[in-house]
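Only one structure is covered here, and it is reproduced in the block below.
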């Protein structure tokens with residue numbers, strides 16, 4: 001089979017792939033600090049061009065999108081491969097064992113910022129394309145490659161980009177290689193992500209901080225104002241009490257419930273890993289339901305008054321609570337912020353709600369027939385059955401594909417569970433990097449057996 005020849009080519013070029021991915025992640029591309037973005041976008045244009053793609057770095061009001069395509073054959077299906085070339089800031093630098101942009105091999109892993117999230121994973125997809133071209137001279141399907149430069153700052157411009165360039169992005173399905181495998185090492189196919197919305201609650205009760213004795217009992221305390229407000233938003237039993245918040249939610253289907261029931265689960269091990277005695281309330285909520293089918297309300301930080309050494313008898317006049325709410329299908333950031341504003345108006349009308357942006361949730365039906373093609377590819381590359389995740393707890397901009405392009409979208413991670421993305425000492429197991437190249441190659445092969453324009457029967 002041609003795929004066997006491609007796999008053999010990949011095995012014989014592993015050392016070359018390893019050297020090249022290390023060179024790639026050596027180039028910083030920190031979107032939050034606008035460091036190296038233009039240089040890495042240009043580097044990617046050269047990489048994709050070398051694969052015979054029609055490619056350009058498309059300007060936006062922020063960082064450019066790198067968009068490439070190879071193949072316009074109407075007799076072949078088209079897959080859109082999405083990734084992001086920007087990375088998180090590396091700080092705190094003193095917690096890195098080796099410098100974040102000096103890739104190092106240690107314990108069978110590559111250690112570098114961006115190696116897992118997401119440079120190493122989309123580079124594996126590029127090498128899969130290169131391997132196919134080296135062996136067969138052409139690809140078994142049409143490929144669109146979209147690499148974003150602002151994912152790590154919330155993808156603020158991708159929705160407008162996808163709307164403006166929808167004709168160039170039309171595909172039969174979208175596949176993203178991002179995130180980790182299951183903790184057991186089993187591969188995963190993900191059908192959805194939670195959305196999110198971030199906001200600040202700002203309380204101001206006077207024109208300055210005052211003496212807690214001279215003014216205590218007469219001047220309202222801004223921190224207490226926020227504490228009481230926050231307590232009104234979620235009960236000790238874990239119930240979010242913001243009216244209307246849950247109204248749009250679409251409950252999980254029977255097929256999704258069936259997929260969740262098959263997922264491995266070690267709650268005791270999870271608690272040991274975090275050194276916690278109990279899961280968060282509500283106590284009786286099933287583990288996977290918490291991450292997939294319910295919204296969350298998180299207090300990210302509570303700031304005000306004095307936090308230095310010793311004590312200071314100050315009565316704070318201002319306090320800020322930074323919060324986020326994770327969204328499930330079919331909640332929207334606008335709907336959630338409206339509910340939050342109404343709740344605050346009822347319970348603490350002097351508090352200001354400052355919306356900080358959000359992202360829609362996304363869900364592809366777990367019954368999508370394209371899932372069978374991806375499953376076959378994973379088995380061909382990895383030799384094991386993948387786990388099916390209806391939703392993951394985090395957020396990616398998959399909604400631009402499912403809600404704007406109306407295309408089924410999947411996430412197929414290549415990285416190890418402990419990749420430490422967003423943290424010091426980010427890493428990627430070398431064996432999983434090679435497995436990712438094989439998975440990408442197998443995906444192209446199995447898609448090439450399908451009929452374009454419609455999902456397989």
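Quick check on the stretch 196-212: of everything there that is touching a helix residue (DSSP H, G or I) at 6+ places or on another chain (Cβ under 7 Å) and part of a strand (DSSP E or B), which residue is nearest to residue 317 (Cα to Cα)? Don't jump to the end; show me each part of the working.
Within the stretch 196-212, the first condition is being touching a helix residue (DSSP H, G or I) at 6+ places or on another chain (Cβ under 7 Å), and the residues that meet it are 197, 199, 201, 203-205.
Subsequent filtering for residues that are part of a strand (DSSP E or B) retains 197, 199, 201, 203-204.
On the way: 197: 27, 199: 20, 201: 14, 203: 8, 204: 6 Å.
The selected residue is 204.
Those residues that are surrounded by 22 or more Cβ atoms within 10 Å (Cβ to Cβ), under 19 Å from residue 140 (Cα atoms) and touching a strand residue (DSSP E or B) at 6+ places or on another chain (Cβ under 6 Å), I need them from the stretch 54-77; list them, please.
Hit for the stretch 54-77 is 68, nothing else.
Taking residue 113, is it in contact with a strand residue (DSSP E or B) (Cβ under 9 Å, 6 or more places away or on another chain) and over 21 Å from residue 9 (Cβ atoms)?
On the way: in contact with a strand residue (DSSP E or B) (Cβ under 9 Å, 6 or more places away or on another chain): yes; over 21 Å from residue 9 (Cβ atoms): yes.
Yes.
Listed here are the residues, each with its yes/no results for (1) within 14 Å of residue 67 (Cα to Cα); (2) in the same structural domain as residue 369 (by TED's automatic domain parsing); (3) out of contact with any strand residue (DSSP E or B) (no Cβ under 6 Å at 6 or more places or on another chain).
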residue	(1), (2), (3)
132	no, yes, yes
138	no, yes, yes
145	yes, yes, no
153	no, yes, yes
161	yes, yes, no
166	yes, yes, yes
172	no, yes, no
175	no, yes, no
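Do you know which residues across the stretch 24-49 are assigned to a helix (DSSP H, G or I) and in contact (Cβ under 8 Å) with a residue 40 or more places away in the chain?
Restricting attention to the stretch 24-49, the residues satisfying the condition of being assigned to a helix (DSSP H, G or I) are 24-25, 31-33, 37-49.
Matches in the stretch 24-49: 24, 25, 31, 32, 33, 37, 40, 41, 44, 47, 48.
Determine if the stretch 7-22 includes at least one residue that is more than 23 Å from residue 440 (Cβ to Cβ) and surrounded by fewer than 19 Cβ atoms within 10 Å (Cβ to Cβ).
Of the residues in the stretch 7-22, the ones more than 23 Å from residue 440 (Cβ to Cβ) are none.
Looking through the stretch 7-22, none of the residues is more than 23 Å from residue 440 (Cβ to Cβ) and surrounded by fewer than 19 Cβ atoms within 10 Å (Cβ to Cβ).
Might you check whether a residue that is assigned to a loop (DSSP other than H, G, I, E, B) and closer than 25 Å to residue 253 by Cβ occurs anywhere in the stretch 156-171?
Looking only at the stretch 156-171, we keep the residues that are assigned to a loop (DSSP other than H, G, I, E, B), and these are 156-157, 165, 170-171.
Next, from what is left, pick out any that are closer than 25 Å to residue 253 by Cβ: 171.
Yes, the stretch 156-171 has at least one match.
Scan the strands (runs of 3 or more DSSP E) fully inside the stretch 342-457 and keep the ones with 2 or more residues being in contact with a helix residue (DSSP H, G or I) (Cβ under 8 Å, 6 or more places away or on another chain) and in the same structural domain as residue 332 (by TED's automatic domain parsing). Quick ask: steps written out before the conclusion?
Details: elements: 352-359, 387-389, 409-411, 427-429.
Passing ranges, in order: 352-359.
The values are calculated or read from the model by the stated rules, or taken from the named source; none is laboratory data. These figures come from a predicted structure and were not determined experimentally. No Cβ is skipped: glycine too gets one built from the backbone with ideal geometry, and neighbour counts run over all protein chains shown.
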